[in-house]
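K.L.:
I'd like to ask some things about the structure below.
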Amino acid sequence: MPVSPSRLQERVAYLVRRRRWIEREAATFVLDFYRRHRRLPPAYVTLLLPSGTVRSLRLRGEFGHLLRNFNRFSRIMMTRAIDRCRGRQDVGSQDAS
Amino acid sequence: MKTPKTQPKTDLVDLVEIGSDGTAIGKSTLANRISHLYREVGRSVTCVRIESSRRRGQDAGAADTDIFIPLEDFTTAATRTGGLVGVLSPMYEAAMRIPRTGGAVIVDWPGGTAGHRLEVLAATNFDATLASMGIRGMSIVMTSCSAEHMAQAERYLKGLEKVAPNLPRALGLSGRNGPFDWPVQSEQAEAFARLKTAAGDIPQLRIPLVAGRALQVCSDAGLDIASALMLPFDKLAARLGVHVFAASACASELAVWWQRTGAELRKMLEVKRADAGVTV
């Protein structure tokens, strides 16, 4: 059944008004999407932003990813170092006794 | 007592044909948009689709009445009464009803049928027939930015000028395959220059690309533009398989295209502008 023309026109006007809000929120969405999926969202989202902004959001996402990996790596190394120290201390205390 | 001023009703042409030799240019999308435009101004519209039977059922519902003529019938035209004109008789019947009903007819020709169309226009003396019935028509020849499509459009326009000189013509520049912007002296730039020379002063309609492939994505999900616009964001997101925010961005992209194209079409199809494409 054909859509009522007046309803369609109202809907189009609403969507064009809503686009202003979508443009303001697009940067937050793109960054969050990149952090979760390691890729950019569909082009009809990224085209809401200037290409330079999209590039810098992508860089931020990549740096965030590197930082998270670095933190994980440091924690693992610290844990191993601590375990090694504890191991030497146990050996030392055994020798003392 | 002051009588309130009423808005003058937009007077659009009665019959619009859309054709091109190339395919996948956006003829059917434009035909749907024009159908909705006529309904917006309060005119009933009949959409005649001449298309392969495989595509039947797609994009239905834009017009008040849909007439489908299978393209495969063209191959059996020789065995029919009236030949090719006989195959197209539903289209002519719809056109003949215009003076009585006050409605409009949109004809969506398929790609690759420019020769058939010119043959039919010549055989029926189409422009004179429309004029005698008081029907205002317009023939839109579509092209994309491809050099081949532009060369085909140039030949098509010249053929129309020869066969139906009193039928207003217009050139539709579809942004579907990219912008009409090339380096100077490139093959495409030269083809475009020749096309513009052949077009002369006829109205030109620029149909922008729907950015970000939003239309293609909806089409792949089985949604035409009007359905995609009307769907709530959560349902659209479920159909497209994307986040609700992405679905709202997609719908807003379609809305922007809808508004822009509607404004351009309204300017072009208004009766005073439509007469500009006639060769005297």
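The values are calculated or read from the model by the stated rules, or taken from the named source; none is laboratory data. Every value quoted in this text rests on a predicted model; they were computed, and no experiment measured them. Quick reminder, even Gly has a Cβ in these numbers, built from the backbone with ideal geometry, and neighbours come from all protein chains shown. Accessible surface areas use protein heavy atoms only, side chains included; no ligands, DNA or RNA. Shrake-Rupley method; radii C 1.70, N 1.55, O 1.52, S 1.80 Å.
K.L.:
Name the residue farthest towards the positive end of the dipole of region B:88-207 from the options B:Ala153, B:Pro168, B:Ala94, assuming +1 on Cβ of Lys and Arg, -1 on Cβ of Asp and Glu, about the Cα centre.
P.N.:
Value computed over the given set: B:Ala94.
K.L.:
Can you order the peptides B:45-54, B:120-129 by their average number of other Cβ atoms within 10 Å per residue, highest first? Present the calculation step by step, with values, prior to reporting the outcome.
P.N.:
On the way: B:45-54: 20.2, B:120-129: 17.1.
My ranking of the peptides, most packed first, is B:45-54, B:120-129.
K.L.:
Scan chain A and report its longest stretch carrying no trypsin sites (Lys or Arg not before Pro) that are both in a DSSP loop and have at most 13 other Cβ atoms within 10 Å.
P.N.:
Numbers: sites that count: A:Arg38, A:Arg39.
Longest run free of exposed loop sites: A:40-97.
K.L.:
Please report, as a whole percent, how much of the solvent-accessible surface of region B:60-129 comes from carbon and sulfur atoms (probe radius 1.4 Å). It would help to have the intermediate numbers written out before the result.
P.N.:
On the way: 1700 of 3010 Å².
On region B:60-129, the fraction of accessible area on carbon and sulfur atoms equals 56 percent.
K.L.:
Using a 1.4 angstrom probe, figure out how much accessible area the protein assembly as shown has per residue, in square angstrom, rounded to the nearest whole. Don't jump to the answer; show the numbers that get you there.
P.N.:
Numbers: 19820 Å² over 377 residues.
Roughly 53 Å² per residue, with all protein chains present.
K.L.:
May I pose another question? With helices defined as uninterrupted DSSP H runs, which ones in chain B have an alpha carbon span along their own long axis of at least 30 Å and mean Kyte-Doolittle hydropathy of at least -0.5?
P.N.:
Membrane-span-like by this criterion, though nothing is claimed about a membrane: B:244-269.
K.L.:
To continue, here is another question. Would you please report the Å³ per residue occupied by the convex hull of the alpha carbon atoms in region B:155-252?
P.N.:
On the way: hull volume 13.9 nm³, N = 98.
With only Cα atoms used, region B:155-252 gives 142 Å³ per residue.
K.L.:
Given H placed 1.01 Å from N in the peptide plane, which residues other than close sequence neighbours of B:Glu51 have an amide H under 5 Å from its amide H?
P.N.:
Hits under the 5 Å cutoff: B:Ile69, B:Leu71.
K.L.:
I would also like to ask the following. Quick one: Debye curve from the C-alpha atoms of region B:94-134, no solvent, what's log10 I(q)/I(0) at q = 0.17, 0.27 Å⁻¹?
P.N.:
Calculated log10 I(q)/I(0) at the listed q: -0.56, -1.02.
K.L.:
Indicate the residues belonging to region B:173-219 that lose 30 Å² or more of solvent-accessible heavy-atom surface (probe 1.4 Å) upon moving from the chain alone to the assembly of all protein chains, ignoring ligands and nucleic acids.
P.N.:
For region B:173-219, once contacts with the other chains are taken into account, B:Gly212 lose 30 Å² or more.
K.L.:
Now for a different question. Which ³J(HN,Hα) values in Hz, rounded to whole numbers, follow from the phi angles of region B:209-224 under the Karplus curve 6.51 cos²θ - 1.76 cosθ + 1.60, where θ = phi - 60° and Gly and Pro get x?
P.N.:
6, 7, 5, x, 6, 4, 5, 5, 5, 5, 5, 5, 8, x, 10, 8
K.L.:
Any idea what angle helix A:51-96 forms with the longest principal axis of chain A, computed on alpha-carbon atoms, 0 to 90 degrees, nearest 10?
P.N.:
Here the helix axis deviates by roughly 20 degrees.
K.L.:
Still on this structure, please answer the following. When ranked by the protection proxy of mean other Cβ atoms within 10 Å per residue, highest first, what sequence do the peptides B:235-244, B:70-79 form? Before the final figure, lay out each step's value.
P.N.:
Values: B:235-244: 16.8, B:70-79: 13.4.
Listed from highest to lowest mean packing, they are B:235-244, B:70-79.
K.L.:
I want the antiparallel fraction of DSSP beta bridges within the protein assembly as shown, as a percent rounded to 5.
P.N.:
Numbers: 1 of 30 bridges.
Within the protein assembly as shown, antiparallel bridges account for around 5 percent of the total.
K.L.:
Select from B:Gln259, B:Ala198, B:Val210 the residue farthest towards the positive end of the dipole of chain B; place +1 on Cβ of Lys and Arg, -1 on Cβ of Asp and Glu, and compute about the Cα centre.
P.N.:
Sorting the options by dipole projection puts first B:Gln259.
K.L.:
Select from B:Gly112, A:Ile76, B:Ser52 the residue farthest towards the positive end of the dipole of the protein assembly as shown; place +1 on Cβ of Lys and Arg, -1 on Cβ of Asp and Glu, and compute about the Cα centre.
P.N.:
A:Ile76
K.L.:
Quote the charge dipole size of the protein assembly as shown about the Cα centre in Debye, to the nearest 20; the model charges only the Cβ of Lys and Arg (+1) and of Asp and Glu (-1).
P.N.:
Charge dipole of the protein assembly as shown: 1700 debye, to the nearest 20.
K.L.:
Dividing the Cα convex hull volume of chain B by residue count, how many Å³ per residue is that? Could the numbers behind the result be given before it?
P.N.:
Working: hull volume 45.6 nm³, N = 280.
Convex hull of Cα atoms, per residue: 163 Å³.
K.L.:
Where both residues lie in chain B, what percent of DSSP beta bridges are antiparallel, nearest 5? Could the numbers behind the result be given before it?
P.N.:
On the way: 1 of 30 bridges.
If we restrict to bridges inside chain B, about 5 percent are antiparallel.
K.L.:
Kirkwood Rh over Cα pairs of the protein assembly as shown into Stokes-Einstein at 37 °C, 0.692 mPa s: D in µm²/s? Please report the intermediate quantities before stating the final value.
P.N.:
Values: Rh = 23.9 Å.
Taking Rh from Cα pairs, D becomes 137 µm²/s.
K.L.:
Over the heavy atoms of B:Ser139, what accessible area does a 1.4 Å probe trace out, to the nearest 10 Å²?
P.N.:
Here the accessible area works out near 0 Å².
K.L.:
For B:Leu205, what residues show an amide H to amide H distance below 5 Å, using hydrogens built from the backbone and excluding near sequence neighbours?
P.N.:
Distant-sequence amide H within range of B:Leu205: B:Leu171, B:Gly172, B:Leu173.
K.L.:
Let me ask something else about it. Using unit Cβ charges (K, R positive; D, E negative) and no other charged atoms, how large, in debye to the nearest 20, is the dipole of region B:129-174 about its Cα centre?
P.N.:
On the way: 5 positive and 3 negative charges, 32 e Å.
The calculation lands at about 160 debye.
K.L.:
Still on this structure, I have one more. For chain A, take every pair of Cα atoms, bin their distances at 5 Å starting from 0, and report each bin as a whole percent.
P.N.:
All Cα pairs considered, the percentages come to 2, 11, 13, 11, 8, 8, 8, 7, 6, 5, 5, 4, 3, 3, 2, 1, 1, 1, 0.
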